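Each remark here refers to the structure printed beneath this line.
The values are calculated or read from the model by the stated rules, or taken from the named source; none is laboratory data. Keep in mind that this is a model prediction, so the values were computed, not measured. Cβ sites come from the backbone with ideal geometry, for glycine too, and all protein chains shown count toward neighbours.
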Amino acid sequence: MPNAQANGITIHYQTLGNPENPPMVLIMGLASQMVRWPEEFCQDLVDQNLYVIRFDNRDIGLSTQWNQAGKDEVAAITAKMFAGETVAPPYTLSDMARDVTGLMDHLGLEKAHICGLSMGGMIAQTTAINHPDRVLTLTSMQSSPSNPSDPSLPRTTPEATEKLLATPPLDRDGYIQHTVESFRVFATNSPLYDPECEARMAEDQFDRGLHPLGVARQFLAVSLGGDRLEKLSKLTMPALVVHGTADTLIPSAHGEATAKAIPGARLLLVEGMGHGMAFPSTWKDLAREIGRHTNSL
């Protein structure tokens, strides 16, 4: 798979489908490599006549590791943040949005459909806010219009918070088991959750390489990302907001608030879907809904 030099970093990416079709850029979430967009789901999007691009965000997978902020600095920023002090992250969601447009520049794409999940949804929203001329449509999945501490929105459940903040084991079997059980909690143990699917994604991610400090820096970008509600209200491109009713990491009220903020946005609530992509029974329907959305132009 190729690399792009964009926004001062290296971005590892993959394209699927016919490059003559409308492009869709997929942006993954916190601690998640591009392999968490399952190839089967990507193919479902290709079947909707989309040219699909998935990539590793900065600080994850095979893209650039942002080592300018080391362990001690990240620990200090995190401690000050939890103490309520005003601090700046090593990089921001706006920086990560520029990674998206930089990848588009590398691929020669003036405009693209943008779809992001969780933190990726926040990056997608930020891309639409900061670079509206580059975005054909916006799809925000399992995401939020604000930061995790926003008192107006439901918080992550205590059980999900415990899993989110736990340090994953660094051995392969332990990492996979921890990931499978974490996402089971993030899905309220929904019957739609497929642990074997999650295990395969965790295996792929582990084998491509872990970078815990990068995850910590991404966490700071999310936690210090601020409130986007007012800026979302100024968007004019078509928007689709997708959320699962069983999501304990980012409760569905966050998706409802996102859709309410964006003029004309369509909200799709999926009964029994939790956080992440380990819900293969939903993939074809999701792809059809996204295809309906992107073909509405």
Problem - Test set (1) assigned to a loop (DSSP other than H, G, I, E, B); (2) closer than 19 Å to Ile290 by Cα - Pro145 fails condition number - result: (2)
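Give me the residue from the stretch 128-152 that is buried (at least 16 other Cβ atoms within 10 Å of the Cβ) and charged (D, E, K, R) and, out of that set, nearest to Phe186 (Cα to Cα). Can you show your working first?
If we filter the stretch 128-152 for residues that are buried (at least 16 other Cβ atoms within 10 Å of the Cβ), which is where we start, we get 128-131, 134-148, 150.
From what's left, charged (D, E, K, R): 134, 150.
On the way: Arg134: 33, Asp150: 19 Å.
This residue is Asp150.
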Practice task
Only residues that are within 26 Å of Thr236 (Cβ to Cβ) and in a helix (DSSP H, G or I): list them for the stretch 263-297, please.
Solution key: Leu286, Ala287, Arg288, Glu289, Ile290, Gly291, Arg292, His293, Thr294
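Residues in the stretch 91-99: is at least one of a type in the set (Gly, Ala, Ser) and buried (at least 20 other Cβ atoms within 10 Å of the Cβ)?
The first filter runs over the stretch 91-99 and keeps only residues of a type in the set (Gly, Ala, Ser), leaving 94, 97.
Of the ones still in play, those that are also buried (at least 20 other Cβ atoms within 10 Å of the Cβ) are 97.
The answer is yes; a qualifying residue exists.
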Completion exercise
So the helices (runs of 4 or more DSSP H) completely within the stretch 153-255 holding 3 or more residues that are at pLDDT 95 or above and either among the aliphatic types (A, V, I, L, M) or surrounded by 22 or more Cβ atoms within 10 Å (Cβ to Cβ) (or both) are 172-186, 195-208, 212-223
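Take the residues in the stretch 111-129 that are among the aliphatic types (A, V, I, L, M) and part of a helix (DSSP H, G or I); name whichever of them is nearest to the chain's Cα centre (by Cα).
Narrowing the stretch 111-129 to residues among the aliphatic types (A, V, I, L, M): 112, 114, 117, 119, 122-124, 128-129.
Restricting the remaining residues to those that are part of a helix (DSSP H, G or I) gives 119, 122-124, 128-129.
Details: Met119: 4, Met122: 7, Ile123: 7, Ala124: 8, Ala128: 14, Ile129: 16 Å.
Residue satisfying both the conditions and the ranking: Met119.
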Exercise for the section: Output yes when any residue across the stretch 8-29 is among the small types (Gly, Ala, Ser), surrounded by fewer than 23 Cβ atoms within 10 Å (Cβ to Cβ) and without any contact (Cβ under 8 Å) to a residue 12 or more places away in the chain, and no when none is. Expected result: yes
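Conditions tested, residue by residue: (1) over 20 Å from Gly276 (Cβ atoms); (2) exposed (fewer than 15 other Cβ atoms within 10 Å of the Cβ).
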site	(1), (2)
Pro38	no, no
Ala83	yes, yes
Thr86	yes, yes
Leu103	yes, no
Ala112	yes, no
Exercise for the section: Determine which single condition Ala259 fails, assuming it passes every other condition in (1) without any contact (Cβ under 8 Å) to a residue 24 or more places away in the chain; (2) closer than 29 Å to Asn49 by Cα; (3) part of a loop (DSSP other than H, G, I, E, B). Expected result: (3)
Completion exercise
Quick count over the stretch 256-272, residues being under 24 Å from Glu159 (Cβ atoms), surrounded by fewer than 16 Cβ atoms within 10 Å (Cβ to Cβ) and over 19 Å from the mean Cα position of the chain (by Cα), is 1
Problem - Among (1) closer than 22 Å to Met81 by Cα; (2) touching a Pro at 6+ places or on another chain (Cβ under 9 Å); (3) of a type in the set (Gly, Ala, Ser), the one test that Ser143 misses - result: (2)
